[in-house]
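Working notes, structure below.
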Amino acid sequence: MMQRFFLFFLITMGLGFAPHLVQGAPLTAVQQPSVRDSLRQAALLEKLRLADSIRQVQDSLTMQYIGLPDPDRPNHFADSLRDVLVVKNGDFMGWIAFTNRLAAQLKPGNDRAGRDPWVIVTIGLLFLFLGIVRLAFPNEVMSIIQAFYNDRMLMQINKEDTLYSSWPFIFLYILFGFVTGMFLYHYNLYYLGHARAHGVNVFLGISLFVIVLFVLKIIVTRLLGFVFDLQRMVREYVAVLYLSYFNAALVFLPIVLALSLLPVRDMLWVIPVSLILVLALLIFRFVKTANNLLGSYRFSKFYLFMYLCCLEIAPVLILIKVLDK
């Protein structure tokens, strides 16, 4: 009985103090999250305040360095113009003398160098003409190019004497005449400095003169072969001349295209380099041909020297003399 009474007393006392414990315990748990939120909110507000301060400083710097200038500031450029252009104290004679001095100091600019449109058109037609010949006679054109470097191919062409009078040889010779004429036209106009000798009529005159001159050279060479009974040797040599002319035309064709596009100052080294390149090709072919002819035929070296002077060097000198005039 006493035990039950004591247990009931404890339960009653516990129920009496429970409300105070319940009310006091959550107070700390509720206060801790509130303090954290307040700190977080304060840090966020501080960041926003700093960002706004930085933005205000940037705006002030932008307005100071990029904004419109002060309209009331002094304009030194306008003041200098006003001092020069405004007539002071009615001194019109002094102002006129000043303007005359300015006019004397003015120098016209150099005109931009250009090319005649017909030059580009003519070079384009020459490329088109070569392409048509290449498509119409593919085997013959390749044989002509290879025979210049290959002696076996050259001997095969020499056996076909009719090939010299065929259409590919005629067309390539015409191409050689006009391409060489275009190169000599640029050489005469820009390298020698004959400014008056320009125009399509000068180009046609030079081209036709080249064609006629080298045709006469071939005719005289064949005539000498007939007179001295050296027709076989002359035929082989004429074949070498044809091949040299055709390959020289193939070298000159891209060169004249470059000359039509390059400035004049670059022509002073492009033209000599081009001549040296073509001369090296001709010497290469001449040395190989001379070795073959001297090994197969016996004749005086004096006659060879006379031939070179009369029919190889003389036409070139005649052509240079014509260009000088």
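The values are calculated or read from the model by the stated rules, or taken from the named source; none is laboratory data. Given the structure is predicted, the values throughout are model-derived calculations rather than measurements. Every residue, glycine among them, receives a Cβ derived from its backbone with ideal geometry; neighbour counts consider all protein chains shown. Calculation scope for accessible area: heavy atoms of the full protein, side chains included, ligands and nucleic acids excluded. Shrake-Rupley method; radii C 1.70, N 1.55, O 1.52, S 1.80 Å.
Brief remarks on what is shown
- Scanning the stretch 107-116 for residues that are open to solvent by less than 100 Å² (accessible area, probe 1.4 Å) and either of a type in the set (D, E, K, R) or at pLDDT 70 or above (or both) yields R115, D116.
- Looking across the stretch 234-274, the residues that are over 19 Å from the mean Cα position of the chain (by Cα), surrounded by 13 or more Cβ atoms within 10 Å (Cβ to Cβ) and over 19 Å from I211 (Cα atoms) come down to V234, R235, E236.
- Of all the criteria given as (1) in contact (Cβ under 8 Å) with a residue 40 or more places away in the chain; (2) open to solvent by 70 Å² or more (accessible area, probe 1.4 Å); (3) under 20 Å from P315 (Cβ atoms), the one not satisfied by H198 is (3).
- G205 vs. criteria out of contact with any helix residue (DSSP H, G or I) (no Cβ under 8 Å at 6 or more places or on another chain), among the small types (G, A, S), open to solvent by less than 60 Å² (accessible area, probe 1.4 Å) and at pLDDT 80 or above: yes
- Filtering the stretch 60-106 to residues that are among the hydroxyl-bearing types (S, T, Y) and at pLDDT 75 or above leaves S80, T99.
- Filter result (aromatic (F, W, Y) and within 19 Å of L282 (Cα to Cα)) within the stretch 202-239: F214, Y237
- Some residue of the stretch 221-230 being out of contact with any strand residue (DSSP E or B) (no Cβ under 7 Å at 6 or more places or on another chain), without any contact (Cβ under 8 Å) to a residue 60 or more places away in the chain and open to solvent by less than 30 Å² (accessible area, probe 1.4 Å): yes
- Check on F228, more than 30 Å from I123 (Cα to Cα), modelled with pLDDT under 70 and more than 38 Å from the chain's Cα centre (by Cα): no
- Residue check, I174 at pLDDT 90 or above and not aromatic (F, W, Y): yes
- Of all residues in the stretch 183-195 being over 17 Å from L172 (Cα atoms) and aromatic (F, W, Y), the one that is surrounded by the fewest Cβ atoms within 10 Å (Cβ to Cβ): Y191
- The one condition in (1) within 39 Å of the chain's Cα centre (by Cα); (2) open to solvent by 20 Å² or more (accessible area, probe 1.4 Å); (3) in contact (Cβ under 8 Å) with a residue 24 or more places away in the chain that L279 fails to fulfil: (3)
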